[in-house]
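All remarks here apply to the structure that follows.
The values are calculated or read from the model by the stated rules, or taken from the named source; none is laboratory data. For clarity, every value in this text was computed on a predicted model and none was experimentally measured. Note that we place each Cβ from the backbone using ideal geometry, even for glycine, and neighbour counts take in every protein chain shown.
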Amino acid sequence: MKNKIDLKELWNKQETTTPDAKELFDKIKRLKRNNLYALIATNVALLLTCAFIGFVWYYFQPEMITTKIGIVLAIMAMVLYLFAYNRMIPLLVHVGYDMNNNQCLQQLLKLKEKQLFLQTTILNIYCILLSVGLFLYLIEYALRMELIWAIVSYSVTFLLIVVVWFDFRLRKIKKQQAKINGLIDKLEVLGRQLTTNE
Amino acid sequence: MTFEEIYKTYWRKVFRLCMGYVNDHDWAKDIAQETFLTIWQQLSKFRNESSIGTWVFRIATNHCLRQIEKNKRMPKANMPTEIAEVPQTDDSSKIEFLYKCISELPETDRIIISLELEDLKQSEIANIVGISEANVRVRIHRIKEKLTRKFNTYEE
């Protein structure tokens, strides 16, 4: 029993002072302010993008329905992307702290899998919407061009879409997958630590 | 209990728990602060289903475990710098050694032994970690044996 007493005694001798709660409240204030700034920045970015697209709509007065659909799709892509990354995913990440460790780890594992699925799906939808939007948007202007320029415009756009689809998208998905899969592996190790002695 | 009361009662305990987990003074302070941030945010949702202590330790231990999400800082078993500045007595080197040994254990064992050393009942530890009381008892016994062995080698 002597060892038990010794360990507890030593444990309690760890030098600690309770810092002034003010430091913590400063941190809370800072966090709130940063959240507010992030919210404002997101909305400003969104509004500016929509204003710019609205200006294009107003200034160039598109006549064909395909152009209008294209613009709407592009706006939808951006709104969806911003919404997912600023609202939905953080909501998924910050939960479950008052569960027991076992439940918390299991929930985190489920959330990470969901997050991986969501990020991949949203990125795919974003790329599809943007590509289709751009493709439709260009039709009206391509029709007004000489054939050769129309072909050049569409080739360049097509190339851009291919790059986005196969390079940017795949690279981003791979990076996210590697990060989350690494975390899932570590979570499984922790989960096993809790179950092996049962 | 108001937030201020919880803060005064539990800061030291939560800090020691985090210190046992990471053995790094600044990092432990960060985790303790994150814990109290969550407590501050969630206090209105606390429904007295468990004791306030169990609730606080659940949040603290989950914050410790979720350090794996922060890839940049990997747990290390170095001597804490803060203590190194304190004049070395026989006790302070033993304290350093104890925290170093604990931080080298598997993650969940670090939590279990830290809670035990904080004098929590085994039923409460079982409730925080989410394993059976019998399992808690067996694991505490094993961890203490391991620590005692290390201390015996250290003192030789």
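A few points about this structure:
- Candidate set from the stretch A:16-39 (those that are out of contact with any helix residue (DSSP H, G or I) (no Cβ under 6 Å at 6 or more places or on another chain) and not in a helix (DSSP H, G or I)); member that is farthest from the other protein chains (Cβ to nearest Cβ): A:Asp20
- The stretch B:27-68 - residue that is of a type in the set (D, E, K, R) and without any contact (Cβ under 8 Å) to a residue 60 or more places away in the chain and, of those, farthest from A:Gln106 (Cα to Cα): B:Lys29
- Flag not set for A:Leu159, criterion: at pLDDT 85 or above and either surrounded by 17 or more Cβ atoms within 10 Å (Cβ to Cβ) or not assigned by TED's automatic domain parsing to the domain that holds A:Gly191 (or both).
- Filter pass, B:Ile131 being at pLDDT below 95, touching a helix residue (DSSP H, G or I) at 6+ places or on another chain (Cβ under 6 Å) and within 10 Å of chain A (Cβ to nearest Cβ): yes
- Within the stretch B:9-26, residues that are farther than 13 Å from B:Leu98 by Cα sit with their Cβ atoms under 7 Å from residues that are among the polar types (S, T, N, Q) and not in a helix (DSSP H, G or I), at 6+ positions apart or across chains, in these pairs: B:Trp11/A:Thr18; B:Arg12/A:Thr16; B:Arg12/A:Thr18; B:Phe15/A:Thr16.
- Of residues in the stretch B:1-13 being within 26 Å of A:Leu7 (Cα to Cα) and within 10 Å of chain A (Cβ to nearest Cβ), the one surrounded by the most Cβ atoms within 10 Å (Cβ to Cβ): B:Tyr10
- Any hit, the stretch A:56-79, residues being exposed (fewer than 11 other Cβ atoms within 10 Å of the Cβ), at pLDDT 80 or above, part of a helix (DSSP H, G or I) and more than 14 Å from chain B (Cβ to nearest Cβ): yes
- Top-ranked residue in the stretch B:1-47 [being in a loop (DSSP other than H, G, I, E, B) and modelled with pLDDT of 90 or more; ranked as nearest to A:Glu9 (Cα to Cα)]: B:Asn23
- Test: residue in the stretch A:142-149 that is surrounded by 13 or more Cβ atoms within 10 Å (Cβ to Cβ), part of a helix (DSSP H, G or I) and not small (Gly, Ala, Ser): no
- Among the residues of the stretch B:89-116, the one identified as in contact with a Gly (Cβ under 8 Å, 6 or more places away or on another chain) and more than 19 Å from A:Leu194 (Cα to Cα) is B:Tyr99.
- Subset of the stretch B:106-124 (residues that are of a type in the set (A, V, I, L, M) and within 10 Å of chain A (Cβ to nearest Cβ)): B:Ile111, B:Ile112, B:Ile113, B:Leu117
- Pairs are defined by a Cβ separation below 8 Å, a sequence spacing of at least 6 or placement on different chains, a first member in the stretch A:175-193 that is within 14 Å of A:Asn101 (Cα to Cα), and a second member that is polar (S, T, N, Q) and at pLDDT 85 or above; the pairs so defined are A:Leu190/B:Thr108; A:Gly191/A:Asn102; A:Gly191/A:Gln106; A:Gln193/B:Thr108.
- Sole residue being hydrophobic (A, V, I, L, M, F, W, C), surrounded by 14 or more Cβ atoms within 10 Å (Cβ to Cβ) and either under 23 Å from A:Lys32 (Cβ atoms) or at pLDDT below 90 (or both), chosen from B:Ile52, B:Ile68: B:Ile68
- Criterion violated by A:Lys8 - all others in (1) more than 14 Å from every other protein chain (Cβ to nearest Cβ); (2) over 31 Å from the mean Cα position of the chain (by Cα) satisfied: (1)
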